[in-house]
Amino acid sequence: MAKDIKSVDYGLEKIFKGAKDFLPLLGTDYVEFYVGNAKQAAHFYKTAFGFQSYAYKGLETGSKDVVSYVLTQDKIKLVLTTPLNSSSQINEHLVKHGDGVKVIALWVDDAQNAWEETTKRGAKSYFEPRTEKDADGEVVRAGIQTYGDTVHVFVERKNYNGIFLPGFKAWESDYNPQSLGLKYVDHMVGNVGWGEMNDWVKWYEDVMGFENFLSFDDSQIHTEYSALMSKVMSNGNGRIKFPINEPAEGKKKSQIEEYLDFYEGPGCQHIAVATDDIISTVRGMRERGVEFLTTPPDTYYMAAPKRLAEHDHKLKEDLETLKSLGIMIDADDEGYLLQIFTRPVEDRPTLFFEIIQRMGAKGFGAGNFKALFESIEREQELRGTL
């Protein structure tokens, strides 16, 4: 008899017993991109992904060096930041990496303590704890450096009732397209260089108290031409998950190598965002112009019911509908998941998004690796980078 499966909802209870949880982390606070044109990027994410206008910082609010637009959808907040002059250090990031993720901000109860606990365990400080105030209260933030030029910022906002952060004002807009059902950041994947994955796994274990709860080597993640290795790190409650990828030897250049070449170093490869209705979400995104990787072959979908049956699960969604949209299916003992990946959203073949619906499963689509990477290789071949 098939099990009763429901969408996964990560609470605050500890589910990964190996995590030390000395911070602790409450969730993803925001993700900040450094981009060449924040106004245009904001329009893209509103139009194509269904984000809503939320907050703004710029010349009108007294910011003379940067402008930032904050977008929201359910629990997700994206911050899009652009320099206002040539002397800004943000320009160095843009010249080297192109548009990409700079800050993965983490929501905490005590930012001072989070910074102290991580720096004493070996984290390099990005900035020391600082209190930012306005008429609506105060926010405490502190930052540490992680792989490449990426940083984690701890955000403590329990004494703040304002819009986003001090220095921002509400962003009122007549243009707010309908939400597409994106709910929260499920995980964010980092690509690191050759032989660096285990170093960063140890860093997240030692510095952040995370647990390595899944590992994949090149015998599991490979195609005829390329391979990679990946280890998944999580905090105790499962709200913060960071898979770490590194390249592996193959006949041709892997997607990880391509990323490292064009991003010119380690960085955030993709952001996975959760939905409770992936069919509706993906259908809406396609209608608004979002491009996804090519659909797996018919044989993939023919084999899907058998893969589900092996774990005693029955698909609630219509298989032909999933096939028509290119949505992939994977299962484990706890349930199944549905996922799909966009093409790169930047001009360089670097950052992309994953849309994921977890129906009980807490894995990462191991059964889809071959189909996914063959699809990526077809894109690489068109770009001449395979």
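The values are calculated or read from the model by the stated rules, or taken from the named source; none is laboratory data. Predicted model, so just to flag it, every value in this text is computed and none were measured. As a convention, Cβ positions derive from the backbone with ideal geometry for all residues, glycine included, and neighbour counts pool all protein chains shown.
Worth a mention:
- Matching residues in the stretch 107-132 - criterion: being in contact with a helix residue (DSSP H, G or I) (Cβ under 7 Å, 6 or more places away or on another chain), surrounded by 17 or more Cβ atoms within 10 Å (Cβ to Cβ) and either part of a strand (DSSP E or B) or free of Cβ contacts under 8 Å to residues at least 40 places away in the same chain (or both): 129
Residues checked against (1) at pLDDT below 95; (2) in contact with a Pro (Cβ under 7 Å, 6 or more places away or on another chain); (3) closer than 25 Å to residue 28 by Cβ:
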| position | (1), (2), (3) |
| --- | --- |
| 256 | yes, yes, yes |
| 265 | no, no, yes |
| 268 | no, no, yes |
| 275 | no, no, yes |
| 279 | no, no, yes |
| 286 | no, no, no |
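- Summed over the stretch 244-288, residues that are more than 29 Å from residue 181 (Cα to Cα), within 17 Å of the chain's Cα centre (by Cα) and of a type in the set (S, T, N, Q) total 0.
- Selection count where residues are farther than 15 Å from residue 112 by Cβ and assigned to a strand (DSSP E or B), scope the stretch 134-151: 4
- Filter result for the condition that a residue is among the basic types (Lys, Arg) and in contact with a Gly (Cβ under 9 Å, 6 or more places away or on another chain), over 307, 283: 307
- Search result, residues across the stretch 154-173 that are surrounded by fewer than 21 Cβ atoms within 10 Å (Cβ to Cβ) and not in a loop (DSSP other than H, G, I, E, B): 160, 169, 170
- Failed condition for residue 379, given (1) more than 30 Å from residue 237 (Cα to Cα); (2) over 22 Å from the mean Cα position of the chain (by Cα); (3) outside any loop (DSSP other than H, G, I, E, B): (2)
- Residue within the stretch 260-275 that is surrounded by fewer than 18 Cβ atoms within 10 Å (Cβ to Cβ) and within 16 Å of residue 357 (Cα to Cα) present: no
- Checked against (1) closer than 19 Å to residue 185 by Cα; (2) touching a Phe, Trp or Tyr at 6+ places or on another chain (Cβ under 7 Å), residue 57 passes all but condition (1).
- Residue match in the stretch 133-147 (condition: surrounded by 19 or more Cβ atoms within 10 Å (Cβ to Cβ) and farther than 23 Å from residue 190 by Cα): yes
- Selection over the stretch 174-184 of residues that are part of a loop (DSSP other than H, G, I, E, B), touching a residue at least 24 places away in the same chain (Cβ under 8 Å) and of a type outside the set (A, V, I, L, M, F, W, C) gives a count of 6.
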